[in-house]
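J.: Before we start, here is the structure in question, set down as structure tokens.
Just so it is clear, none of the values below were taken in a lab; they were calculated from the coordinates. In this text, all values refer to a predicted model and were calculated from it rather than measured experimentally. In this analysis, Cβ positions are derived from the backbone assuming ideal geometry, glycine residues included, and neighbour counts consider all displayed protein chains.
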2 protein chains.
Amino acid sequence: MDIEMGGEFMFGSEAKKVPESDIVMTSRVRMARNINEYPFPVRMDFDQSIFIINRIKEIIFSNESTSPKDFLYFELQKLNNIEKLVLVEKHLISKELMDNRRLGAAIISKDEKISIMINEEDHLRIQAMFPGMQLDEALDLCNRTDDIISEKIEYAYDEKIGYLTSCPTNIGTGIRASVMLHLPAITMSGYLKGILEACGKIGVTVRGLYGENTEALGNMFQVSNQVTLGQTEEEVVYNIKNITKQITNQERALRDDLYKQNTFMFEDKVFRSLGILKNARVLTSEESHKLLSDVRLGIDMGIIKDIEIKTINELMAIIQPGSLQVLLPNSSGQLERDVGRAEIIRKKLNKLKE
Amino acid sequence: MDIEMGGEFMFGSEAKKVPESDIVMTSRVRMARNINEYPFPVRMDFDQSIFIINRIKEIIFSNESTSPKDFLYFELQKLNNIEKLVLVEKHLISKELMDNRRLGAAIISKDEKISIMINEEDHLRIQAMFPGMQLDEALDLCNRTDDIISEKIEYAYDEKIGYLTSCPTNIGTGIRASVMLHLPAITMSGYLKGILEACGKIGVTVRGLYGENTEALGNMFQVSNQVTLGQTEEEVVYNIKNITKQITNQERALRDDLYKQNTFMFEDKVFRSLGILKNARVLTSEESHKLLSDVRLGIDMGIIKDIEIKTINELMAIIQPGSLQVLLPNSSGQLERDVGRAEIIRKKLNKLKE
């Protein structure tokens, strides 16, 4: 597999310059599209599946405005479980595409900004992903990719309703805009429940790191729109930007409050977490995420000065189960993985050679 | 006060060469003596107290075999509470001498090996203290100091019973031999209760860091003889050496077992404690002792290689309440002291300049 570990591009050198990157990890826009006159994937036969994969592959790799060498093509059936898991952890494919038994594929730009899933729930799921708060940029790139495809193929589209999709919740614009937010102060202060309720009332969903029904590892929360009908793409993005602005403002105010109210205890918590990460010999995934969340907060607040946010973002990416197994191919049991995880984190934070 | 902080001599450069210093912190022998024809301190008047103090002072500071400039003289009434507490923490005077309202004094050799308390429970308490397992050396030095005094003054002594003392438990040889042991593995494994019971049956007492009724901070235990009657001085010392040998053997075997059985978890515990000490911004005395105990164990076991046992011993000494207040004269509240304590430990372990 040619996808790099650690997401150097997404979480790497650009992370410092991107807007709101103290709280907003990534911005994503994805569009659900289906080819006219073909059944939805769940009802497709083998030949139809193959046809759609090949047609989209042909469009992307022969397009004049994009260079074929900028894209990678993956047939899901040819990837092993770890490779698929890594793509899920990098938010380049969905859990659904990983798990389904149909003929599926993904076309992913090497910079990981564009990802096109083929034969997931819909024929196409076009995704654009940017670091920090860059939903407008993501919408724009998603639209341009969508245009390249729609020039060559006719989508299932109804003048009144909009794009037709397999699941009614995606009908209309077929758009989902989402941001991944780091909310340690809101979590610590116990305000999370209130925010979840407020978001639910205005059609916005808040979930854990990997989408629906997943836990909020390391205080990371994904905020996205629930419905796609009755709003323009721009309205959907505007709403998510708006609620994100309110949440990030609250998170920043709470961080400042907590720090001012109990400076020593705040610094103590942040530095203890750093000390444990730099020294522990056994670290579970869950504890690592918790400690890395504290350290990220410490860096954002200017308390920890000698570690770059980039390093923490990279660690958050590579300690995930799939990515970790790529780095530790010979570790078999849970303890071995926890020992390996601790070693990777320790060496990285102590700037030792691996 | 001319006593140095940190006990450089006792815990300093010699610590590595001394016997059994992985487990035995110090060896102490003290002898209870009273001057003939004078009432015990509890019944003395002012003039008698003064006479005894001056007489002993004269003997020590005019003795030909010892140099007057090797000794320091302290009148307890002229010391402030912090200075007295520091002497207690360094095991140079007892809590009793610190707390009692009689005219008391102490003559302490600058190397802190000899300490003579005057007008504590008995007229004289002569103590010799050495690092590691050096009870024979302590007994020898105690005897030589005792000889210097007994040449010039007549002790209360009965041919049949031996030395007469204020409390009957000290009658006879008047000797108490004690060792301070670091027993983390015995504590962790839950064998402590059994050892306490076994010791009790053979007339040996096991107590916390500062003697009777004190907690075992940082897994430190003081092992000493209960009775002084019916045994020679050599027998008392032999017994304590013997039981200490058994306890240290068990401690070492348990350390090896624990390490072999769960190497990663053992190393994890030790290094996490080091990581917290190196990074925490708030540390209570109790937590510091616990963490330092883990780190000392890690050094003894060869797991932590870049920190000297000397550094840990020094830290154990200076983070005690009195010593800490000397280092942090302006800290008023508990939080301020915990912050100051964390800073001292952090700088020392990170080898930063203070």
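J.: Among B:193, A:348, what is the fewest-to-most ranking by other Cβ atoms within 10 Å?
T.: B:193, A:348
J.: Next question, about the same structure. Express in % the proportion of alpha carbon pairs of region A:262-351 at distances exceeding 23 Å.
T.: Counting every Cα pair in region A:262-351, those more than 23 Å apart make up 20 percent.
J.: Charges only on Cβ, +1 for Lys and Arg, -1 for Asp and Glu: so what's the dipole of chain A about the Cα centre, in debye to the nearest 20?
T.: Roughly 1100 debye for chain A.
J.: Take B:296, B:28 and order them by how many other Cβ atoms sit within 10 Å, fewest up front.
T.: B:28, B:296
J.: While we're looking at this one, here's another question. Of A:26, A:169, A:94, which is farthest along the charge dipole of chain A in the positive direction, counting Lys and Arg as +1 and Asp and Glu as -1 at C-beta?
T.: Of the listed residues, the answer is A:26.
J.: Follow-up question, since we're still on this one. Just the ratio, please: alpha-carbon radius of gyration of the protein assembly as shown over 2.2 N^0.38 Å, N its number of residues. Let's see the in-between values first.
T.: On the way: Rg = 36.2 Å, N = 708, 2.2 N^0.38 = 26.6 Å.
Here the Cα radius of gyration is 1.36 times the empirical estimate.
J.: Tell me which lysines have Cα within less than 24 Å of residue B:17's Cα, excluding those fewer than 8 residues away on the same chain?
T.: Correct list for residue B:17: B:90, B:110, B:113, B:241, B:245, B:305, B:310, B:348, B:351.
J.: State the Cα centre-to-centre distance between region A:149-166 and region B:37-112 in whole Å.
T.: Computed from Cα coordinates, the inter-centre distance equals 98 Å.
J.: Can you give me the pair-distance distribution of chain B, C-alpha pairs, 10 Å bins, whole percents?
T.: 5, 24, 32, 24, 12, 3, 0
J.: Then there is this: For residue B:75 and residue A:78, what does the FRET efficiency come to when R0 = 60 Å and r is the distance between their Cβ atoms, rounded to the nearest 0.05?
T.: 0.10
J.: What FRET efficiency comes out for the pair residue B:63/residue B:37, r = Cβ-Cβ distance, R0 = 25 Å, nearest 0.05?
T.: With R0 = 25 Å, the Cβ-Cβ based efficiency is 0.65.
J.: Moving on to the next point. Output, in nm with one decimal and in ascending order, the distances from the residue A:43 label point to the matching label points of the other copies (7 Å from Cα along Cα-to-Cβ).
T.: In ascending order, 11.1 nm.
J.: How are the alpha carbon pair distances in region A:132-209 distributed across 5 Å bins from zero to the largest one, expressed in percent?
T.: It works out to 3, 11, 15, 19, 18, 13, 10, 6, 4, 2, 0, in whole percents.
J.: To continue, here is another question. For a label point 7 Å from the Cα of residue A:102 along Cα→C-beta, name the residues of region A:39-61 whose backbone N is under 17 Å from it.
T.: Residues A:39-57 qualify, since their backbone N sits under 17 Å from the label point.
J.: Separate question: Inter-copy label distances at residue B:335, 7 Å along the Cα→beta-carbon direction, one decimal in nm, shortest first?
T.: 4.2
J.: Quick one: Karplus J couplings for region A:27-37, per residue in order, coefficients 6.51, -1.76, 1.60, θ = phi - 60°, nearest Hz, x for Gly and Pro?
T.: Running phi through 6.51 cos²θ - 1.76 cosθ + 1.60 with θ = phi - 60° gives 10, 10, 10, 9, 10, 8, 9, 9, 7, 4, 6 Hz.
J.: Can you sort A:343, B:197 from fewest to most other Cβ atoms within 10 Å of each residue's own Cβ?
T.: With the fewest neighbours first, A:343, B:197 line up as B:197, A:343.
J.: May I ask for the Kirkwood hydrodynamic radius of region A:206-339, worked out over all distinct Cα pairs and given in angstroms to one decimal?
T.: Details: mean 1/r = 0.0584 Å⁻¹.
This gives a value of 17.1 Å.
J.: Another question, if that's okay. Provide an ascending nm list, one decimal, of label-point separations from residue B:238 to the equivalent residue in each further copy; define each label point as 7 Å from Cα along Cα→Cβ.
T.: 9.7
J.: Dividing the convex hull volume of the alpha carbon atoms of region B:82-141 by its residue count, what do you get in Å³ per residue?
T.: So the per-residue Cα hull volume is 86 Å³.
J.: What per residue convex hull volume, in Å³, do the alpha-carbon atoms of region A:30-176 yield? Walk me through the numbers before you get to the answer.
T.: Values: hull volume 16.6 nm³, N = 147.
Cα-based convex hull of region A:30-176, divided per residue, equals 113 Å³.
J.: Still on this structure, I have one more. Please give the FRET efficiency for residue B:54 paired with residue B:154, using the beta carbon to beta carbon distance and R0 = 22 Å, rounded to the nearest 0.05.
T.: After rounding, the FRET efficiency stands at 0.85.
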